[in-house]
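Note sheet for the following structure.
Any read-out appearing in this document is the output of simple, stated calculations on the displayed coordinates, not a laboratory observation. Given the structure is predicted, the values throughout are model-derived calculations rather than measurements. Ideal geometry is used to build each Cβ from the backbone, glycine not excepted, and the neighbour counts take in all protein chains shown.
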Amino acid sequence: MKHAIRVMLSLILVSSPIAAGAQNSSQGDDKVVNVARDDPDMAAAIAQARASLDQFLSLSDAPPAGTTGYKLKVEVKDGDTSEHFWIIPFHKTASGFAGTLANEPQAVHNVTAGQELEFTRDDISDWGYTRNGRQVGSFTVCVLFKTISKEEADYYRQNYGFDC
């Protein structure tokens, strides 16, 4: 089975996807990319994001000057299908997290863009923010650059501040 990965590289945030979504589908820069569920590069990117999640959450609690656009990417399952979406904005709750689904679903049908979604730490597959106009985190997006054309990847790097 494949993940529908959406790269949302619009606004100030990027979206990376494993069945992941873009950030602002109204911007027109969303791109859905399918990645095999067992893709080793994507698995490594998700592991990297999860390993550094505590540092990200600390920053998001007290954002330093020059930083904006804090976001989380979460996996949503619908039967045997899963898709990853950016949640912007997000906040902590008593039982985990909640926030607004920032992408238009393509593979799953149990959520809608703009919906308030509750999720746990185990659902998080990536995080990101912008620091002085450059993307920080968004590890899964960098993996997706390997699957799109060089021209598309260069466009996102130039227009959205990706350094990968």
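Extending each Cα 7 Å along its Cβ direction at Ala113 and Ala94, get the distance between those two points in nm, one decimal.
For Ala113 paired with Ala94, the spin-label model returns 3.4 nm.
List the residues, sorted by chain then number, that are 5 or more residues from Ser138 or on another chain and whose placed amide H is less than 5 Å from its amide H.
Trp127, Gly128, Tyr129
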